[in-house]
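Report on one structure; see the data block that follows.
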Amino acid sequence: MITEKEKMLREELYNATDPQLTAERHKARNLLQQFNNTGPGDSDLRFFLLQELFGKCDKSLQIEPPFYCDYGYNITVGEKVFFNFNCVILDVMPVTIGNQVLFGPNVQLYTATHPLNWQERASGLESGKAITIGSHVWLGGGVIVCPGVSIGDRSVIGAGSVVTSNIPADVFAAGNPCRIIRDLSPEARTLTV
């Protein structure tokens, strides 16, 4: 028989009140509470707690507390990634973050979603879709990334944007919904010089 966790990780409707999932969220909350209570001089303790929490992270990872997530184990982080204060990752599905990514304060990544049909939604079932963020990306303060979105390498997302669809590499995008404003590729730079 398929478990609720297996359903969750297959992007199927699942019951988040399942005892296994509830216990895993509680474990994450305990690690986050410890992490969020650390001080600026506790870098070794912070890294230890993040290693316990995340699926994969590098020692160069910097997160300014407070930070929040659902499970942690679905988060994979590359090298030299920085999260400013009060970031949230709802990681019911994998969240993959490349190298040298900058997150402004209050950035929120949501893999979790709910059915549009009110009767399904009233049943308490939910689902999720993975998020991928390439390398050298900068997400300005207050950016919200919705379920299933990918953001390409070297792109910049303007502060306060709501990213509802994929953003290619080498662009500046902003707004609600987020849309491409300008090409940042090397070719575009040579054309404007």
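The values are calculated or read from the model by the stated rules, or taken from the named source; none is laboratory data. Just so we're clear, the structure is a prediction, and the values are computed from it rather than from any experiment. Neighbour counts are summed over all protein chains in view; Cβ atoms, including those assigned to glycine, are modelled from backbone coordinates with ideal geometry.
Things worth noting here:
- Of the strands (runs of 3 or more DSSP E) lying entirely inside segment 1-109, those containing at least 3 residues that are within 29 Å of ARG121 (Cα to Cα) are 67-69, 87-90.
- The lone exception for ASP58 - which of (1) farther than 15 Å from ASP91 by Cα; (2) surrounded by 13 or more Cβ atoms within 10 Å (Cβ to Cβ); (3) touching a residue at least 40 places away in the same chain (Cβ under 8 Å) it fails: (3)
- Odd one out for LEU50 among (1) closer than 19 Å to MET8 by Cα; (2) more than 14 Å from the chain's Cα centre (by Cα): (1)
- Restricting segment 110-125 to residues that are assigned to a loop (DSSP other than H, G, I, E, B) and over 16 Å from VAL163 (Cβ atoms), the residue that is nearest to the chain's Cα centre (by Cα) is HIS114.
- For segment 103-114, a residue qualifies if it is out of contact with any Ser or Thr (no Cβ under 9 Å at 6 or more places or on another chain) and either basic (Lys, Arg) or crowded, with 17+ Cβ neighbours inside 10 Å (or both), and the qualifying residues are PHE103, GLY104, ASN106, VAL107, GLN108, LEU109, TYR110, THR111.
- Qualifying residue in segment 84-101 (condition: aromatic (Phe, Trp, Tyr), at pLDDT 95 or above and farther than 20 Å from ARG29 by Cα): no
- Test: residue in segment 166-179 that is among the β-branched types (Val, Ile, Thr) and over 28 Å from GLU6 (Cβ atoms): yes
- Complete set of residues in segment 126-169 that are part of a loop (DSSP other than H, G, I, E, B) and under 24 Å from MET8 (Cα atoms): LYS129, ALA130, GLY134, CYS146, PRO147, GLY148, VAL149, THR164, SER165, ASN166
- Consider segment 22-46 and keep the residues that are farther than 17 Å from ASN74 by Cα and hydrophobic (A, V, I, L, M, F, W, C). The one that is surrounded by the most Cβ atoms within 10 Å (Cβ to Cβ) is PHE35.
- PHE82, sole failed condition from (1) farther than 25 Å from SER43 by Cβ; (2) surrounded by fewer than 21 Cβ atoms within 10 Å (Cβ to Cβ); (3) hydrophobic (A, V, I, L, M, F, W, C): (1)
- Entry remark, segment 7-21: residues being within 21 Å of LEU53 (Cβ to Cβ) and surrounded by fewer than 13 Cβ atoms within 10 Å (Cβ to Cβ) number 2 in total.
- The set of residues from segment 8-48 being in contact with a Leu (Cβ under 7 Å, 6 or more places away or on another chain) and of a type in the set (Lys, Arg) is empty.
- Residue in segment 108-128 that is touching a strand residue (DSSP E or B) at 6+ places or on another chain (Cβ under 7 Å), aliphatic (A, V, I, L, M) and touching a residue at least 60 places away in the same chain (Cβ under 8 Å) present: yes
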